[in-house]
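The values are calculated or read from the model by the stated rules, or taken from the named source; none is laboratory data. Please read these numbers as outputs of a predicted model, since none were measured by experiment. Here Cβ is always computed from backbone atoms with ideal geometry, including for glycine, and neighbour counts include all displayed protein chains. Surface accessibility is based on the protein's heavy atoms, side chains included, excluding ligands, DNA and RNA. Shrake-Rupley method; radii C 1.70, N 1.55, O 1.52, S 1.80 Å.
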Amino acid sequence: MRCLALLFALGGLVFFSASAVAAEPTIGKSFPPSLESYQDASVANVGSVLVGRIQAEPFNLIATVIFFLAIIHTFLAPKILHWSHQIQHRYEERLREIHGPDLKEKIPRQFRQSITASLLHFLGEVEVVFGIWVIPLALAILINKGPEVARNYFNHTVTYVEPLFVVVIMAIAASRPIVQFAEHVLGLIAGRSPARWWLTLLTLGPLLGSFITEPAAMTICAVLLGREFYRLGPAKRFMYATLGLLFVNISVGGALTNFAAPPVLMVAAKWSWSSAYMFEQVGLRALAGIILSNLIYFLIFRREFSSLSASSQILPGDESRRQEPVPFWITGVHLIFLGWTVLVAHEPALFIGGFLFFLAFTTATTAYQDEINLRSPMLVGFFLAGLVIHGGLQGWWIEPVLNRLSAFPLLVGATILTAFNDNAAITYLATLVPNFSDPLKDAVVSGAICGGGLTVIANAPNPAGQSILQKYFPEGSIAPGGLFLAALVPTLVMLFFFALPR
């Protein structure tokens, strides 16, 4: 509780400090200021560049401090959830002492829940963290820049296409016909062995991201891993290792083409990178890294596979697993909706319109459908929307770091930076750097996809995977530190392959 109080106290201090910043930016009227407007390209020292940019626009520092407070909050989220459960447990114990053991009959549902526990549970949901910290950011912009600047930034500067797309693609990809189809196709290879399912989903599953987009591949892989692996009760260490592998493999597995991975999509058109170029320069290294990473973890945990029960019992909270087959024509229509969404991924009016038709179709074929779960997609979309709002104000410090590194340091630097910001934002900022050489282009994109599994915020599909799988973990949440350590080994493997001479 003290950590949470300190976090919000720091946020309040930053917010009140924001009121002291001049109401008008000193280097022009645009917000955030364009990187060219700083006119510091000739300054070689990164520290001097950052200090100069803060002096030119003091709000840079405020926005970045709020952003890093949000990141700290994500690391505290599992602990906050734990506090929530403890408080709720003590509250129920007190109620039982007063009213007896059967609370359901004696106390209405709304009075059985502790308000404090509910509030802490909300603050402990990782998916809402960046949305929560948008509130002080928005108020700071409103106070310092005025309502017109704030309205323009949230309505026009920030683009919400990716969050909207992830909501739609997650909902479609998690539908019963799609999951059953993927389960059948992958099951031809995996058979009934948990070990073979593990290898199949972590090797072939991520490669689907190069064709049906990474969020769709993440959704399918996470749902099937939950059914075929996590529900069998693996050891906690094994659970985190698998999650780290999944996040890293999805991040690089979507880079075999030039249209499916967000960090690649940001640069493909501007740098004229074709799918053939991506497969030759990135895809082969990604395949090698995926295979070696899976092999390393498979050998480390090979003895634990034998302890996994192949029981068909579904644990509480697991996905519905109706066995009757879906008619082929219904599956075909779902695949058409999935393909349409991927095809028009950058045109929200079209993919949202298609999604409404999809919902109508699922209603008409209810007998063969599970209920479309929109809670997880909406939470993930909310997470990503908050992230792009904060990320849009971080270019002032990310761009000079990228611009002043040679190829190998840039590869490592982009990997590290990706852990603190969405990897698509890293590659987008790289497109703004003038005279970027081909080796530097390869290095920044390689680093961005290599680091995409280190944290939940590092790659857009990661929140989707976390939302689907977190119920299998202790306390119903995924510890950021556990994810980071689990993803570190496959990340280093990927860095090894991408650092090799081209």
Report task. Would you please put 402-410, 47-55, 160-168 in order of how densely packed they are, using the mean number of other Cβ atoms within 10 angstrom per residue and starting with the highest? Result -> 160-168, 402-410, 47-55
Query raised in the report: Between Leu500 and Glu371, what FRET efficiency follows from the Cβ-Cβ distance if R0 is 51 Å, with the result rounded to 0.05?
Result: 0.60
**Report entry** Per-residue ³J(HN,Hα) for the stretch 472-481, Karplus 6.51 cos²θ - 1.76 cosθ + 1.60, θ = phi - 60°, Hz, x for Gly and Pro
**Finding:** 7, 8, x, 6, x, 8, 10, 6, x, x
Query raised in the report: Could you give the nm distance between label points at Tyr91 and Val412, where each point is 7 Å from its Cα heading toward the beta carbon?
Result: 4.9
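So between Ser306 and Asp438, what do we pick up on full extension, going 0.36 nm a residue minus the alpha carbon distance? Mind showing how you got there, number by number?
Details: separation 132, 0.36 × 132 = 47.52 nm, distance 4.74 nm.
Between Ser306 and Asp438, full extension yields 42.8 nm more.
What's the whole-number percent of alpha carbon pairs in the stretch 160-205 lying beyond 12 angstrom?
65
Tell me, what are the semi-axes, in whole angstrom and largest first, of the equivalent ellipsoid of the stretch 375-502 as set by the roots of 5 times the Cα gyration tensor eigenvalues?
Values: eigenvalues 150, 65, 20 Å².
Three semi-axes, in Å: 27, 18, 10.
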Query raised in the report: Roughly how many nanometres apart are two label points built 7 Å out from the Cα toward the Cβ at Ile135 and Val46?
Result: 3.5
Query raised in the report: Can you give the extra length, in nm with one decimal, that the chain gains between Val158 and Leu292 once fully stretched, where that is 0.36 nm per residue apart less the Cα-Cα distance?
Result: 44.4 nm
Query raised in the report: How large is the accessible surface per residue of the chain, computed with a 1.4 Å probe and reported in Å² as a whole number?
Result: 43
Report task. Would you mind telling me the share, in percent, of accessible area of the chain contributed by carbon and sulfur at probe 1.4 angstrom? Result -> 67
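Using only the alpha carbon atoms of the chain, find the Kirkwood hydrodynamic radius as the inverse mean reciprocal pair distance, in angstroms to one decimal.
Result for the chain stands at 24.0 Å.
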Requested in this report: Please give the direction-averaged projected area of the C-alpha convex hull for the stretch 171-279, in square nanometres with one decimal.
Outcome: 7.2
Query raised in the report: Any idea how far apart Arg192 and Leu356 come out in nm if each label point goes 7 Å out from Cα toward Cβ?
Result: 4.7
